[in-house]
There are 2 protein chains.
Amino acid sequence: MIRNTNTQRAILDLAESFMQDKGFNGFSYAHIAAELGVKNAAIHYHFPTKEVLGCAVIKRYRDRFQLWINNARVKDLSPQEKLDWFFSIYTNTRADNGKVCLAGSLEIDFNSIPTSLREQTEALTSELLTWLQATLSEGRDAGVFHFNGDPVSKAALILSSLQGALQMARALGTGKYYAVVEQHKQDLLA
Amino acid sequence: MIRNTNTQRAILDLAESFMQDKGFNGFSYAHIAAELGVKNAAIHYHFPTKEVLGCAVIKRYRDRFQLWINNARVKDLSPQEKLDWFFSIYTNTRADNGKVCLAGSLEIDFNSIPTSLREQTEALTSELLTWLQATLSEGRDAGVFHFNGDPVSKAALILSSLQGALQMARALGTGKYYAVVEQHKQDLLA
DNA sequence: AATTTTACTTACTAGTTAGTAAGTTGTCAA
DNA sequence: TTGACAACTTACTAACTAGTAAGTAAAATT
């Protein structure tokens, strides 16, 4: 018997990947088990219910984002570089087999997921928005970003647009996604 | 036996509603049948497969949009009024039990829907984008809209953002949606 | 060396899914 | 008034869903 101590992590990786590919309701324990070469029950051993698994995926995603933004590599960047870093998250998501934003995927499934997942989704979206708003504020104060109105609204506009652009790219191609990102830069920097 | 000659239409209405509420993979023939007070097989009588049903929903949605934009009530509006009309579609969608954009919902499910639905989704998104781009062009030429870059890119930015904002509103509330719409207006008109 | 724990497997359940085949009944046209 | 047809229902299937209970074997702990 081959013991794999990383099964728990592999399950989370696959679940995250499936959620960004097909949505929370678009994959089953059988899909994960098949990819891992184990039986369904093995997944239930590590994550008793799909709700627990889904929560763990979002929690890990949130923790990763917090780790990134609190790391000097991001923290010490200029506002412009921070924004480019943020865009690169979405660009990498698109490049990774046309995946979409985890938050957007969960928001579409919002009315058919357990409450605990909704709470995690809300927390994730809030955290993304808070960081982006702070970065926009910082950039405008530094005179590099130019926009009217509340940074909170501008952050919501940019975040919602990146989320939507990843989805739109599935129908109309990656070019549309890049066009959106470039337009944001032009709007902010001009 | 009560004969309902509008069953076909009622099925389309319910399917459209479900797709904007839970996504294409989030509802079943049983859900529609239960709402209508008929048996599953009755739905199959009108729409033999879920693929056929889904296609019919998107096709009707597209036809409705074309009818609207070609009607004098919209055609003869000023660019600013046209944009407000376009925003009102999304505002009404949000007001209707927190539904999301049909295109966005389908793009999330893109990797788990039949090819015919993907083609319909692509066509729908293209048509929305084309109209919005033309309206932005018209408005900039008339001196009422102000933005840099290609109207095609700006249209993609606005459409993707509206799509994303309806989703974000599920997690963070309707206020976030309105903030995004107001920010777009400020960005375009200032 | 004995025992416990970890990471599974086999085998199962109850519910749901899209889809089908054959029968039923009210309505309408000839 | 007969027959065709439209709009269903009943009854079913095969596949898939999340989840459970009991057993097993290797590794870690004592």
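Taking only Cα atoms of the range B:20-77, what ratio of Rg to Rh do you get with Rh as the Kirkwood inverse-distance radius?
On the Cα set of the range B:20-77, Rg over Rh gives 1.15.
At a threshold of 8 angstrom on Cα-Cα distance, excluding pairs fewer than six apart, so keeping six or more, what relative contact order does the range B:1-124 reach in percent?
33 percent.
Quick one: label points 7 angstrom along Cα→Cβ at A:Ala72, distances to the other copies in nm, smallest first?
7.0
Quick check for me: using +1 on Lys/Arg Cβ and -1 on Asp/Glu Cβ, what's the dipole size of the protein assembly as shown about its Cα centre, in debye to the nearest 20?
So the magnitude is around 800 debye.
Enter the per residue convex hull volume of the protein assembly as shown, computed from alpha-carbon coordinates, in Å³ rounded to the nearest integer.
144 Å³
Taking the Cβ-Cβ separation of B:Gln66 and B:Asp96 as r and a Förster radius of 22 Å, what is the calculated FRET efficiency to the nearest 0.05?
0.55
Could you tell me which residue out of A:Tyr90, A:Ile113, B:Thr91 lies farthest along the dipole of the protein assembly as shown toward its positive end? Charges go on the beta carbon: Lys and Arg +1, Asp and Glu -1, centred on the Cα centre.
Among A:Tyr90, A:Ile113, B:Thr91, the one farthest towards the positive end of the dipole of the protein assembly as shown is A:Ile113.
Could you give the radius of gyration (one decimal) and Dmax (whole number) of the Cα atoms in the range A:119-190, in Å?
Rg then Dmax for the range A:119-190, in Å: 13.2, 38.
What pairs from A:Lys154/B:Lys154; A:Lys185/B:Lys82; A:Lys176/B:Lys22; A:Lys185/B:Lys185; A:Lys154/B:Lys22 go past 22 Å between their alpha carbons?
The answer is A:Lys185/B:Lys82; A:Lys176/B:Lys22; A:Lys154/B:Lys22.
Over the Cα atoms of the range A:57-108, each weighted equally, I'd like the Debye log10 I(q)/I(0) at q = 0.18, 0.25, 0.29 Å⁻¹, rounded to two decimals.
Values, matching the q order: -0.69, -1.08, -1.15.
Can you compute the FRET efficiency between B:His146 and A:Asp150 using 1/(1 + (r/R0)^6), with r the Cβ-Cβ distance and R0 = 25 Å? Round to the nearest 0.05.
0.85
If we hang a label 7 Å off Cα along the beta carbon direction at B:Gly149, how far is it from the matching labels on the other copies, in nm, shortest first?
1.6
Taking 20 °C and 1.002 mPa s as the conditions, I'd like the Stokes-Einstein D for chain B in µm²/s, using the Kirkwood hydrodynamic radius from alpha carbon pairs.
120 µm²/s
Compute, for the range B:58-189, the length of the dipole vector about the Cα centre, with Cβ point charges of +1 (Lys, Arg) and -1 (Asp, Glu) only. Units Debye, rounded to 20.
The calculation lands at about 340 debye.
Testing the spin-label approximation: label points 7 Å from Cα along Cα→Cβ at B:Ala42 and B:Ser78. State their distance in nm.
Placing both labels 7 Å along Cα→Cβ, they lie 5.0 nm apart.
Can you list, shortest first and in nm, the gaps between the label point of A:Ala41 and those of its counterparts in the other copies, using a point 7 Å from Cα in the C-beta direction?
Result for A:Ala41, in nm, nearest copy first: 3.8.
Here, each number is a calculation from the coordinates, and none is a lab measurement. Source: prediction; values computed, not measured. Ideal geometry is used to build each Cβ from the backbone, glycine not excepted, and the neighbour counts take in all protein chains shown.
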